[in-house]
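Enquirer: Dropping a structure here in structure tokens format, bear with me for questions.
Throughout, read-outs are computed from the coordinates displayed, never taken from laboratory work. Nothing here was measured: the structure is a model prediction, and the numbers come from that model. No Cβ is skipped: glycine too gets one built from the backbone with ideal geometry, and neighbour counts run over all protein chains shown.
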Amino acid sequence: MFLGFGFSGLEIPIIIGAAVLLFGGTKIRDFARGLGAAKKEFEVGQAEAEVAAERARAQARAQAEADAAAQQKIVTSSTTTTPPAATPPPQPNP
């Protein structure tokens, strides 16, 4: 059993030979080149997508840190209020 398709050792060369006779060597060569170019283009696109995703994650991280710092500043400023001014003690009446 070959590749799970049930082809024996003799069937594979027969299929390849029939493809060469049917399509010709140049068409098969062009098809293989096209597959290679498509694979390369896919890998380039995948790498670009990974770079864009990392850039978006870094931007989201920076925004979250800025939001957290702003929230901390708001909390700190609201808890540190100035104490009320001290009033002088009442004066006794003579």
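Enquirer: At 7 Å along the Cα-to-beta-carbon direction for both LEU35 and ALA49, put a label point, then send me their distance in nm to one decimal.
Expert: Each label point is offset 7 Å from its Cα along the Cβ direction, giving 2.2 nm.
Enquirer: Check the straight Cα-Cα distances from LYS27 and name the lysines below 21 Å, setting aside those fewer than 8 residues away within the same chain.
Expert: Hits, sequence-local ones excluded: LYS39, LYS40.
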